[in-house]
Amino acid sequence: MADLHPVTIRFNYKTEDFDYLDKLQDGIERGVTYHKVGVYDTYELDEANNQAIFFLSTHDPEVLFRNLKPILEESPILKGAKIDVEMGRAEDGTRIVKEYQL
């Protein structure tokens, strides 16, 4: 079985309206579950609500990204979001990260 790769979706979020976050969370959860491409964990906001981070994991990051991309691109709050996928570790122990930008 392939390794499980952590995936984070980071984006600026400066509003008090949590409806967009909840709608995005529902879309990500449905997309991951329906396509069986990974696991959605949770999201966090920093103390000033200036940045949100969604946490997921998957065995196949390319398939996860391909299946979630339409959902992510449709969200008005994800413009400029950065998606990091940890692909493993180098021999020296540093993380190997593939980065996507919306």
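General remarks:
- Output for segment 33-89, where each listed residue is among the charged types (D, E, K, R) and under 19 Å from L4 (Cα atoms): K36, D41, D60, E62, R66, D84, E86, R89
- Neighbours by Cβ (under 9 Å, 6+ apart or cross-chain): first from segment 10-27, surrounded by 14 or more Cβ atoms within 10 Å (Cβ to Cβ); second in a helix (DSSP H, G or I): Y13/Y20; Y13/L21; L24/I71; L24/L72; G27/L68; G27/I71; G27/L72; G27/E74
- Qualifying strands (runs of 3 or more DSSP E) (wholly inside segment 32-102; at least 2 residues being loosely packed, with under 14 Cβ neighbours inside 10 Å and β-branched (V, I, T)): 95-101
- Looking only at segment 1-31, residues that are in a helix (DSSP H, G or I) and among the aliphatic types (A, V, I, L, M) come to 3 in all.
The numbers here are math on the coordinates, done by the rules we state, and not lab data. Note that the structure is predicted; figures quoted are calculated from it, not measured. Virtual Cβ from ideal backbone geometry, glycine too; neighbours counted across all protein chains shown.
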